Amino acid sequence: MNKTAINTHLSGGVRTIAFFEALKGVLVLVAGFGLLSLVHHDLQAAAERLVRLSHLNPAHHYPRVFIEASANLNDSRLRLLAALAFLYTGGRFIEAYGLWRMKAWAAWLAIVSGAVYLPVEGFELIKHATFMRGGVLLINAGIVIYLVYVRWLNRKSHAEIGCGVSARA
C-alpha cells in the first residue's frame, strides 16, 4: 500500500480527531471569554446565584467548594486564567490544523498530549470508578493507539518505497 492510499484510508479517522481537538479548543475559548466577562463582578454572589438556580444545596461539599473558590478569585486571577485558556485554545487549534492536514508533527503532538493524561485518568478510575471516567480513559487511549498506528503505517510505507521518514511530513 503506497503513502497516498494510506493517507486516504486513514484521513477520515485523523480528521475526526482533528475536529474533536478543534471542538475542545472552541469550548475552552468560550470558557476563557466567560472568565473575562466576570472581571469587575462579584464572583461569590454570582456563584451563589448559580448554585441556587441549579437547585443545589450550598451546604453540600461541591457547591460549597465552588462558592469558596469563587470568593478567592480576583480580577488579575481571572485574567490569568483567561490567558491560560487562550494559550490552551491556540495549542488545540494548531494541533487540529496539523491533524487535518495529516502532518506527522501534529500526530506526534496528539500522541504525547493524549498519552500524558492516561496515567492520571487510570489512577482516577482506580480511585473512584465511574462510567464517565472509564469512557474518557477508553476514548483517550483509543485516540493515542490509533495515532500510533497511523504513524507506524506511514513509517512502514516510507520504508517499503525507499523514501525514508521525514519529520517534516
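The values are calculated or read from the model by the stated rules, or taken from the named source; none is laboratory data. Bear in mind the structure is a predicted one, so any value in this text is a computation, not a measurement. Glycine also receives a Cβ, built like all others from the backbone with ideal geometry; neighbour counts cover every protein chain displayed. Ligands, DNA and RNA are excluded from the accessible area calculation, which covers all protein heavy atoms including side chains. Shrake-Rupley method; radii C 1.70, N 1.55, O 1.52, S 1.80 Å.
Could you tell me what % of all Cα pairs in the stretch 65-114 have separations over 15 Å? For the stretch 65-114, the share of Cα pairs beyond 15 Å comes to 59 percent. For the chain, the convex hull spanned by the alpha carbon atoms encloses 138 Å³ per residue. Note on K103: aspartates and glutamates with a C-alpha under 16 Å away, same-chain residues under 8 apart excluded, are E21, E95. Rounded to the nearest whole angstrom, the semi-axes of the ellipsoid equivalent to the stretch 36-134, taken from the Cα gyration tensor as √(5λ), stand at 33, 22, 11, largest first.
When the accessible area of the chain is split by element with a 1.4 Å probe, what percent falls to carbon and sulfur? Summing carbon and sulfur atoms, their accessible area is 69 percent of the total for the chain. Within the shell defined by Cβ-Cβ distances under 13 Å, the residues around L99 carry a net charge of +4, with Lys and Arg each +1 and Asp and Glu each -1.
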